[in-house]
1. Scan region 51-92 residue by residue and report those that are surrounded by fewer than 19 Cβ atoms within 10 Å (Cβ to Cβ) and either of a type in the set (A, V, I, L, M) or in contact with a His (Cβ under 7 Å, 6 or more places away or on another chain) (or both).
2. So Ile13 clears everything in (1) without any contact (Cβ under 8 Å) to a residue 12 or more places away in the chain; (2) buried (at least 21 other Cβ atoms within 10 Å of the Cβ) except one condition, right? Which one?
3. Mind checking which residues of region 34-44 are under 18 Å from Val135 (Cα atoms) and either in contact with an Asp or Glu (Cβ under 6 Å, 6 or more places away or on another chain) or in a helix (DSSP H, G or I) (or both)?
4. Could you tell me which numbered condition Asp52 fails, if it satisfies all but one of (1) closer than 13 Å to Glu134 by Cα; (2) out of contact with any Leu (no Cβ under 7 Å at 6 or more places or on another chain)?
5. State yes or no: is His124 free of Cβ contacts under 8 Å to residues at least 24 places away in the same chain and either more than 24 Å from Asp25 (Cα to Cα) or in a helix (DSSP H, G or I) (or both)?
6. Can you report the number of residues in region 92-121 which are in contact (Cβ under 8 Å) with a residue 12 or more places away in the chain, assigned to a helix (DSSP H, G or I) and more than 19 Å from Ala64 (Cβ to Cβ)?
7. Is it the case that Ala137 is on the phi < 0 side of the Ramachandran plot, loosely packed, with under 12 Cβ neighbours inside 10 Å and in contact (Cβ under 8 Å) with a residue 24 or more places away in the chain?
8. Just to verify a result, which residue in region 26-44, among those that are of a type outside the set (Gly, Ala, Ser) and under 15 Å from the mean Cα position of the chain (by Cα), is nearest to Gly83 (Cα to Cα)?
Amino acid sequence: MEVLQAMETRRSIRSFTCEDVPLEDLKKIVNAGRLAPTGKNCQDWRFVIITDEDKRRAIAGGTANGPYVKDGGAIVVILVGRGNATPLFDTGTAMENMMLMAHELGYGSVWVNSYRRDHSSMVHSIVHGPEDMEVMAMLEVGRVKDWPHAPEKKSLEDVVIYNQFA
């Protein structure tokens, strides 16, 4: 799949088939996240792959996103060091890489924002996260049950300004 095609066709999936995702595919997805750029190349992150059904259900039960988090094949939790100067950017680049890789491999995914959300301390506890790291986001990955229609995107002309605003 071409990169632009992947960007144009990837969707946030909220309806999964409950099938397991093979560990080899999860490693490919997380490796794509690992390859993302980070501020000052600090690479101050850890990726926790959760395939254990009890842990996935515990996370689903403690988040507002529970209905679709519980049905995927795996959850990838991203933790970033509390002293990181660019935690949101580092998480965002990793998430985008992982979502595109999941799509390339035929899986759906959805980004669950966890940065300082009510559920982040619960997730931190479930994964036994180090105290010097905080939960930034979770990626639910799985086989797609219902493929959503493409959302309407603004045109390039509607969002680009050249040199300065008028």
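1. Ala58, Gly62, Ala64, Ala85, Leu88
2. (1)
3. Arg34, Thr38, Gly39, listed by residue number.
4. Evaluating Asp52 over (1) closer than 13 Å to Glu134 by Cα; (2) out of contact with any Leu (no Cβ under 7 Å at 6 or more places or on another chain) leaves (1) as the failure.
5. Judged against the criteria, His124 is not a match.
6. Qualifying residue count for the region: 11.
7. no
8. The qualifying residue nearest to Gly83 (Cα to Cα) is Arg34.
The values are calculated or read from the model by the stated rules, or taken from the named source; none is laboratory data. Computed from a prediction, not measured in an experiment: that's the story for all the values here. All Cβ positions, glycine included, derive from the backbone under ideal geometry; neighbour counts span all protein chains shown.
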